[in-house]
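Enquirer: Below are the structure tokens for one structure; questions will follow.
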Amino acid sequence: MGDTVLDLVAARAAEVERSGRIPEDVLGELRGLGLNRLMLPVELGGGAAPPLELIETVERIAAVDGSTGW
């Protein structure tokens, strides 16, 4: 995951806190990186990543904004 996405998450953290929702542009960036398919098998369009990779990725997001990481 690039710093650009983490910068976007950080920039929108206050909005997430106020609204209780993750903005669509942030969700779109996370989807675009394949976060929602990270552990799916390749045959199903996923990245076939091991669980630890997902955990570490979510941890990086949560370090910037806990709500988005949750």
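Enquirer: Name the one entry in Val5, Val26 that is surrounded by 16 or more Cβ atoms within 10 Å (Cβ to Cβ) and under 15 Å from Trp70 (Cα atoms).
Expert: Numbers: Val5 fails: under 15 Å from Trp70 (Cα atoms).
Within the list Val5, Val26, the selection yields Val26.
Enquirer: Quick check on the stretch 23-43: of everything there that is in contact with a helix residue (DSSP H, G or I) (Cβ under 8 Å, 6 or more places away or on another chain) and of a type in the set (A, V, I, L, M), which residue is nearest to Ala11 (Cα to Cα)?
Expert: My answer is Val26.
Enquirer: A further question on this structure: Six or more apart or on different chains, Cβ under 6 Å: which pairs go from a residue in the stretch 9-37 that's assigned to a helix (DSSP H, G or I) to one that's among the basic types (Lys, Arg) and open to solvent by less than 60 Å² (accessible area, probe 1.4 Å)? Could you list them?
Expert: These pairs meet every condition: Val26/Arg12.
Enquirer: Now for a different question. With the requirement that a residue be more than 19 Å from Val5 (Cα to Cα) and either among the hydroxyl-bearing types (Ser, Thr, Tyr) or exposed (fewer than 14 other Cβ atoms within 10 Å of the Cβ) (or both), what does the stretch 40-60 give you?
Expert: Passing the criteria: Pro41, Val42, Glu43, Leu44, Gly45, Ala48, Pro50, Pro51, Leu52.
Enquirer: If you check Glu15 against the conditions, is it at pLDDT 95 or above, among the acidic types (Asp, Glu) and open to solvent by 90 Å² or more (accessible area, probe 1.4 Å)? Working first, answer last.
Expert: Numbers: at pLDDT 95 or above: yes; among the acidic types (Asp, Glu): yes; open to solvent by 90 Å² or more (accessible area, probe 1.4 Å): no.
When the stated conditions are applied, Glu15 does not pass them.
Enquirer: Also, quick follow-up: Within the stretch 21-31, identify whether any single residue is modelled with pLDDT of 95 or more and over 13 Å from the mean Cα position of the chain (by Cα), and answer yes or no.
Expert: Checked the stretch 21-31: at least one residue is modelled with pLDDT of 95 or more and over 13 Å from the mean Cα position of the chain (by Cα).
Enquirer: Of the numbered conditions (1) open to solvent by 60 Å² or more (accessible area, probe 1.4 Å); (2) at pLDDT 95 or above; (3) of a type in the set (A, V, I, L, M); (4) not in a helix (DSSP H, G or I), Ala63 satisfies every one except a single condition; which is it?
Expert: Ala63 satisfies every listed condition except (4).
Enquirer: Across the stretch 38-57, what is the total count of residues that are without any contact (Cβ under 8 Å) to a residue 12 or more places away in the chain and in a helix (DSSP H, G or I)?
Expert: Total satisfying the criteria: 6.
The values are calculated or read from the model by the stated rules, or taken from the named source; none is laboratory data. Bear in mind that the values here come from a model prediction, so they are computed numbers and not experimental data. With ideal geometry, Cβ positions are generated from the backbone for all residues, glycine too; neighbour counts draw on all protein chains shown. Just the protein is used for accessible areas: all its heavy atoms, side chains included, with ligands, DNA and RNA removed. Shrake-Rupley method; radii C 1.70, N 1.55, O 1.52, S 1.80 Å.
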